[in-house]
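The structure under discussion appears below in the form of structure tokens.
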Amino acid sequence: MPGPHAGGADLRSEFKTIGVIGAGQMGGGIAQVAAQAGAQVVLVDMSVEHAERGKAKVAAGLAKLVERGKLSADGCEALLARIQPAGTLGDLARADYIVEASTEDQTLKQRLFRQVDEVARPGAILASNTSSISITLLGAATRRPDKVIGLHFMNPVPQMKLVEVIRGLATDDATFDATMGLARRLGKDPVTCRDIPGFIVNRILLPSINEGIYALYEGLGTAEDIDHAAKLGLNHPMGPLELADLIGLDTCLAILEVMHRELGEDKYRPCPLLRQYVAAGWLGRKTGRGFYRY
Ligand code: NAD
């Protein structure tokens with residue numbers, strides 16, 4: 001595992017403290033890569049207990065790296081010591097750069113952006129890890145739309161090289177440049193993208209996952225058959241259903257709903273089976289059951 005200096009200059013010189021809102025699978029991963037790059041991280045969730053649970057998942061992932069000899073026990077301890085779990089947005093007052101990675105819900109994110117704008121120090125950049133929601137809209141919820149930007153990591157964050165950087169209508173050049181620099185210092189390979197629902201990756205990926213779910217809904221094959229066919233026939237590393245389980249079926253549905261509503265095309269209409277699974281609370285890996293059982 002790369003040390004604090006991997007991927008360029010030490011982060012500490014520029015963004016000493018990174019705030020992360022949402023300690024789920026993405027927020028935990030973002031906290032991990034930021035701490036790995038040398039930053040202090042404030043990891044906020046709905047309560048400090050939620051944030052601690054998120055940090056515990058990061059610790060469990062790192063423990064496996066220690067077991068496999070890819071990270072030293074001391075390195076692991078030092079990295080974890082840089083992640084501070086917190087239960088209120090007020091704890092973000094000392095952050096230089098804040099990445100929001102809460103649940104994919106427009107109303108929630110607009111509220112969080114409005115509130116974080118009130119507590120964040122002037123000049124702090126507010127980024128969103130949203131998969132589909134308009135960055136321009138989130139910027140408009142604040143008094144600093146020039147300092148709001150999309151920074152869309154891929155899952156799992158520590159392993160995936162790509163991030164999409166999305167400028168809202170009002171995002172200024174300094175915010176864009178600082179974000180590109182931050183992405184590189186986190187060891188990522190950024191691609192810039194216009195602020196259109198789904199951006200690049202999900203614009204391509206979600207219709208394909210949705211089609212995989214339709215294939216199951218229409219009885220073309222079992223979940224195993226569909227994933228096996230996609231892996232062998234399309235040379236994809238994961239099939240659409242196992243990937244949907246990894247992303248979270250609630251997140252897949254939320255992204256498709258935004259794309260369907262905002263782009264107005266039937267090709268983004270979420271499969272009824274996806275709605276049913278989400279209604280049942282079968283959200284994939286994170287709840288132990290989705291198209292597969294975990
Ligand atoms: P998740 O369900 O694992 O985590 C969401 C977290 O947000 C939870 O810990 C929840 O408690 C927290 N949260 C909810 N309301 C909050 C509030 N008011 N204040 C603070 N925290 C709050 O979801 P995730 O998969 O980590 O996704 C998070 C974001 O990242 C979403 O916008 C999603 O679209 C995006 N994203 C997800 C993936 C993926 O593969 N899952 C990939 C890229 C981007």
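The values are calculated or read from the model by the stated rules, or taken from the named source; none is laboratory data. Remember, it's a predicted structure, so these values are computed and weren't measured experimentally. So basically every Cβ, Gly included, is an ideal-geometry build from the backbone, and we count neighbours across all protein chains shown. Please note that ligands, DNA and RNA were not included when accessible areas were found on the heavy atoms of the full protein model with its side chains. Shrake-Rupley method; radii C 1.70, N 1.55, O 1.52, S 1.80 Å.
In whole angstrom, and with the biggest value first, how far do the Cα coordinates of the range 244-294 range along each principal axis?
35, 17, 13
Heavy atoms of the protein only, probe of 1.4 Å, neighbouring chains included. What is the accessible area of Arg111 in Å², nearest 10?
Approximately 100 Å² of Arg111 is accessible to the 1.4 Å probe.
Under a 1.4 Å probe, what is the accessible area of the chain per residue, stated in Å²? Walk me through the numbers on the way to the answer.
On the way: 13410 Å² over 294 residues.
Roughly 46 Å² per residue, with all protein chains present.
Estimate the FRET efficiency between Thr287 and Thr88 by the formula 1/(1 + (r/R0)^6), using the beta-carbon distance for r and 22 Å for R0, to the nearest 0.05. If you can, show how the numbers build up before the last one.
Values: r = 26 Å, r/R0 = 1.20.
Working from the Cβ atoms, E equals 0.25.
Suppose we flag GluC sites (Glu not before Pro) only when DSSP calls them loop and at most 11 other Cβ atoms lie within 10 Å. Which is the longest uninterrupted stretch of the chain? Can you show the working numbers first?
Values: sites that count: Glu218, Glu265.
Formally, the longest exposed-site-free interval is 1-217.
So if each residue of separation counts as 0.36 nm, and I subtract the Cα-Cα distance between Glu67 and Val119, what length gain in nm does that give?
14.7 nm
Using only the Cα atoms of the range 48-114, what do you get for the radius of gyration and for Dmax, in Å?
Taking only Cα atoms of the range 48-114, I get Rg and Dmax of 14.9, 43 Å.
Within 10 Å of each candidate Cβ there may be at most 14 other Cβ atoms; applying that plus a DSSP loop requirement, which trypsin sites (Lys or Arg not before Pro) in the range 14-91 survive? Kindly include the intermediate steps, with their values, before the conclusion.
Numbers: sites: Lys16, Arg53, Lys55, Lys57, Lys64, Arg68, Lys70, Arg82; in loops: Lys16, Arg68, Lys70, Arg82.
Within the range 14-91, the qualifying trypsin sites (Lys or Arg not before Pro) (loop, at most 14 other Cβ atoms within 10 Å) are Lys16, Arg68, Lys70.
Can you give the FRET efficiency to the nearest 0.05 for Glu49 and Met160, using r as the Cβ-Cβ distance and R₀ = 25 Å?
0.30
For the pair Glu262 and Lys57, how long in nm is the line joining their label points, each one 7 Å along Cα→Cβ?
The answer from the label model is 2.4 nm.
Just for the chain, what percent of DSSP beta bridges are antiparallel, to the closest 5?
If we restrict to bridges inside the chain, about 20 percent are antiparallel.
Return a whole-number percent for the relative contact order of the chain, with Cα pairs under 8 Å and 6 or more residues apart as the contact set.
Worked out over the chain, it gives 14 percent.
So who's got an amide H within less than 5 Å of the one on Ser128, skipping anything under 5 residues away but keeping other chains? H placed 1.01 Å off N, in plane.
HN-HN under 5 Å from Ser128: Glu100, Ile149, Gly150, Leu151.
Using helices alone, what [θ] at 222 nm do you get for the chain, with -39,500 (n - 2.57) per DSSP H run of 4 or more residues, divided over all residues and rounded to the nearest 500?
Mean residue ellipticity at 222 nm (helix-derived): -14500 deg cm²/dmol.
What residue among Val163, Val33, Gly281 has its Cα farthest toward the positive end of the dipole of the chain, where the charges are +1 on Lys, Arg and -1 on Asp, Glu, each on the Cβ?
Val33
Just the Kirkwood number for the chain, please: inverse of mean 1/r across all distinct Cα pairs, in Å, one decimal.
With all distinct Cα pairs of the chain included, I get 19.5 Å.
If you roll a 1.4 angstrom probe over the protein chains with everything in place, what fraction of the accessible area of the chain belongs to carbon and sulfur, to the nearest %?
Values: 7220 of 13410 Å².
Heavy-atom surface of the chain belonging to carbon and sulfur, 1.4 Å probe: 54 percent.
With a point put 7 Å past each Cα toward its Cβ, work out how far Asp105 is from Arg275 in nm, to one decimal.
The answer from the label model is 1.9 nm.
Any idea what the relative contact order of the range 131-286 is, in percent, if you count C-alpha pairs under 8 Å spaced at least 6 apart? The partial results should precede the final answer.
On the way: 228 pairs, mean separation 30.2, N = 156.
Value for the range 131-286: 19 percent.
Rank Phe153, Phe176 by accessible area, highest first, at a 1.4 Å probe radius?
Of Phe153, Phe176, the descending order of accessible area is Phe176, Phe153.
Along Cα→Cβ, 7 Å out, is where each label goes; now give me the distance between the ones at Met238 and Ile196 in nm to one decimal.
2.6 nm
Cα centroid distance between the range 222-294 and the range 77-111, in Å?
For the range 222-294 versus the range 77-111, the Cα centre distance is 27 Å.
Lysines within cross-link reach of Lys64: Cα-Cα under 20 Å, excluding same-chain residues under 8 positions apart?
Straight-line reach from Lys64, under 20 Å: Lys55, Lys286.
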